[in-house]
């Protein structure tokens, strides 16, 4: 499967501030080991190597980490975002003040291993559905304050982003329906609120059974999320959903379950595991003489 075309990561002022804060957390009052071993003006070069197979993601973030340590460092991407890499592949090179390189090493690797892990797991799910029209989406089950990077990694892996937060899409979940008394009433309240606010947002309804599927269809929502339904229940539900409403399956999605759902004709499958359970991909940094 070819690597997806990904819009480059936007390095915002807010992201730079968060990276600087992350580096400050690690450095504290100073990198005592590096200060003891390396002269303040000593120069060097280092390369980052992949230590296992996976999908590479996070090179722009790693570069920002090194620049946060020293804006004079020189960097070169040896591979591209979304590349499939193997154990031993050199992916990134940095040169300049050796103390700054060593100070930033761990944080840069932490970002690479986390984001590449998400991209790699996402690619596995995407490939499990490669024979169908169904697309893989992430969820909001992300690390607080790092959601933008983790959702970027999903895109690098070939997946799609669900809503970014609570503000950019209406998602009527089970608790909303129960609080309103029914899903139909929750949809009615949403329509009335959007009209009063003069806002246009996509509306998704989470459903637990066929009755709620019919309520969502009658409420003319844009998307229906089939939450924790069996394949048999999903097939029955999909017969009730017209072509103008997108269907999404969610809840306990494993690679095996996703493969089993590939034949149902779903539009979307959302997978929380992409961001809350992706194993880190192994990378290391190796010193080279300048």
- prompt: What number goes with the only condition from (1) closer than 30 Å to residue 87 by Cα; (2) in contact with a helix residue (DSSP H, G or I) (Cβ under 6 Å, 6 or more places away or on another chain) that residue 240 does not pass?
  reply: (1)
task: Return the only residue of 108, 100 being part of a helix (DSSP H, G or I) and closer than 17 Å to residue 152 by Cα.
output: 108
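Quick grid of which residues meet (1) in contact with a helix residue (DSSP H, G or I) (Cβ under 6 Å, 6 or more places away or on another chain); (2) in the same structural domain as residue 118 (by TED's automatic domain parsing); (3) surrounded by fewer than 16 Cβ atoms within 10 Å (Cβ to Cβ):
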position	(1), (2), (3)
17	no, yes, yes
28	no, yes, yes
32	no, yes, yes
39	no, yes, yes
45	no, yes, no
57	yes, yes, no
61	yes, yes, no
83	no, yes, no
91	no, yes, no
query: What number of residues in segment 243-252 are within 25 Å of residue 277 (Cβ to Cβ) and touching a helix residue (DSSP H, G or I) at 6+ places or on another chain (Cβ under 7 Å)?
result: 2
Subset of segment 142-158 [in a loop (DSSP other than H, G, I, E, B), surrounded by 16 or more Cβ atoms within 10 Å (Cβ to Cβ) and more than 8 Å from the chain's Cα centre (by Cα)]: 146, 157, 158
- prompt: Of all the residues that make up segment 185-221, how many are assigned to a helix (DSSP H, G or I) and over 20 Å from residue 243 (Cα atoms)?
  reply: 12
message: When you scan segment 269-282, do you find a residue that is in contact with a strand residue (DSSP E or B) (Cβ under 9 Å, 6 or more places away or on another chain), in a strand (DSSP E or B) and crowded, with 21+ Cβ neighbours inside 10 Å, even just one?
response: yes
- line: Considering residues that are more than 15 Å from residue 269 (Cα to Cα) and either without any contact (Cβ under 8 Å) to a residue 24 or more places away in the chain or over 29 Å from the mean Cα position of the chain (by Cα) (or both), the number found within segment 210-232 is 10
message: Out of 112, 102, 121, 98, I need the residue that is touching a helix residue (DSSP H, G or I) at 6+ places or on another chain (Cβ under 9 Å) and within 16 Å of residue 273 (Cβ to Cβ). Which one?
response: 121
message: Considering only residues that are part of a helix (DSSP H, G or I) and surrounded by fewer than 22 Cβ atoms within 10 Å (Cβ to Cβ), which ones fall in segment 159-184?
response: 174, 175, 176, 178, 179, 180, 184
- request: Looking for whichever is within 21 Å of the chain's Cα centre (by Cα) and modelled with pLDDT of 95 or more here; the options are 62, 68, 36, 2. Which one fits?
  value: 62
- line: Within segment 125-149, residues touching a strand residue (DSSP E or B) at 6+ places or on another chain (Cβ under 9 Å) and more than 28 Å from residue 21 (Cα to Cα) come out as 125, 126, 128, 129, 134, 135, 136, 137
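The values are calculated or read from the model by the stated rules, or taken from the named source; none is laboratory data. Model, not experiment: these values are computed from the prediction. With ideal geometry, Cβ positions are generated from the backbone for all residues, glycine too; neighbour counts draw on all protein chains shown.
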